[in-house]
1. Between a first residue in segment 192-214 that is in contact (Cβ under 8 Å) with a residue 40 or more places away in the chain and a second residue that is surrounded by 14 or more Cβ atoms within 10 Å (Cβ to Cβ), which pairs have beta carbons less than 7 Å apart while being 6 or more apart in sequence or on different chains?
2. Cβ-Cβ distance below 6 Å, separation of 6 or more or different chains: which pairs start in segment 224-252 with a residue that is free of Cβ contacts under 8 Å to residues at least 60 places away in the same chain and end on one that is surrounded by 20 or more Cβ atoms within 10 Å (Cβ to Cβ)?
3. With respect to residue 237, determine if the residue is modelled with pLDDT of 95 or more, part of a helix (DSSP H, G or I) and under 25 Å from residue 43 (Cβ atoms).
4. Just checking: which of the helices (runs of 4 or more DSSP H) contained wholly in segment 245-341 hold 1 or more residues that are at pLDDT below 95, in contact with a helix residue (DSSP H, G or I) (Cβ under 6 Å, 6 or more places away or on another chain) and within 26 Å of residue 43 (Cβ to Cβ)?
5. In segment 320-333, what residues are within 24 Å of residue 256 (Cβ to Cβ) and surrounded by 21 or more Cβ atoms within 10 Å (Cβ to Cβ)?
6. Could you please find all residues in segment 155-173 being crowded, with 16+ Cβ neighbours inside 10 Å and over 30 Å from residue 298 (Cβ atoms)?
């Protein structure tokens with residue numbers, strides 16, 4: 001019952017924030033915005049959707065390669081469907097926190113060992129975070145070199161903080177996945193404290209169980225670094241996927257008939273900054289924060305109804321439509337498809 005109420009509250013918060021965002025975005029130029037939305041070029045909207053699907057496609061290839069190290073007969077279409085479902089749970093939970101628990105649940109049902117399941121989830125997140133941090137670094141350097149945005153202390157601090165947080169998350173994941181001794185030491189300290197607090201009994205038995213799990217996790221994750229070419233390839237796949245996602249605003253700009261206000265580099269840098277700021281918003285889908293970031297950064301190049309129209313369609317293309325598709329994927333029974341080679 002609590003889970004159902006939590007889901008309902010998430011939906012209500014999302015709906016409320018969406019309505020508020022639309023109100024403040026449209027209140028000054030709703031007629032101009034609706035006219036632009038009405039006359040959008042459908043071809044470029046399709047291109048925008050193709051870019052979003054490409055983002056999922058590249059992420060699916062990367063995840064499929066990881067899963068196939070532990071389950072040889074795992075098919076690509078199954079992985080693609082899995083990505084859509086993960087996207088749905090990320091979309092409806094604050095800080096995109098619902099994806100990882102679902103990944104663990106789903107992969108466990110695929111008859112994988114829990115150590116392998118955890119390794120897959122960590123490897124997937126590590127390669128994605130590295131790609132995200134690399135793009136964020138490229139965006140910061142590009143802005144510094146080309147002076148794309150005017151100085152704004154608040155925005156500058158938020159972007160810097162977002163980059164640092166994502167970098168630290170990546171670092172912690174590496175420590176968790178690749179430092180066996182540190183993990184064992186941490187488990188030992190925690191178990192000793194819990195024993196003194198009389199929370200656990202049979203401390204040694206529990207430590208032995210955790211150490212066995214850590215060894216399995218370490219051995220499985222070590223494969224990721226041992227095959228450096230495969231490791232770089234998976235990072236590159238996530239990197240290309242993010243590039244596709246970050247180019248969506250450019251396609252939407254073209255859909256308005258404007259081919260000059262900003263280019264691909266600006267679209268990538270701006271989108272990277274938007275995502276860094278949006279990661280702090282504790283509302284499903286980063287609602288409110290992402291729209292604010294989008295209006296702030298892209299507002300340096302486009303104004304009025306054009307900016308509002310592109311922001312609205314961008315949110316639908318990158319968030320609401322994918323959420324609906326993810327919900328549909330959850331309701332469709334899986335069929336056999338091509339397995340790992």
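1. Pairs found: 213/115.
2. That search, which allows pairs on different chains as well, returns 250/267.
3. no
4. Details: elements: 248-255, 264-278, 289-298, 304-315, 321-331.
It comes to 264-278, 289-298, 304-315, 321-331.
5. Matches in segment 320-333: 322 only.
6. Residue satisfying the conditions is 173 alone.
The values are calculated or read from the model by the stated rules, or taken from the named source; none is laboratory data. Just so it is clear, the model here is predicted, and its values are computed rather than measured. A quick note on method: Cβ atoms are made from the backbone with ideal geometry, for glycine too, and the neighbour counts reach across all protein chains shown.
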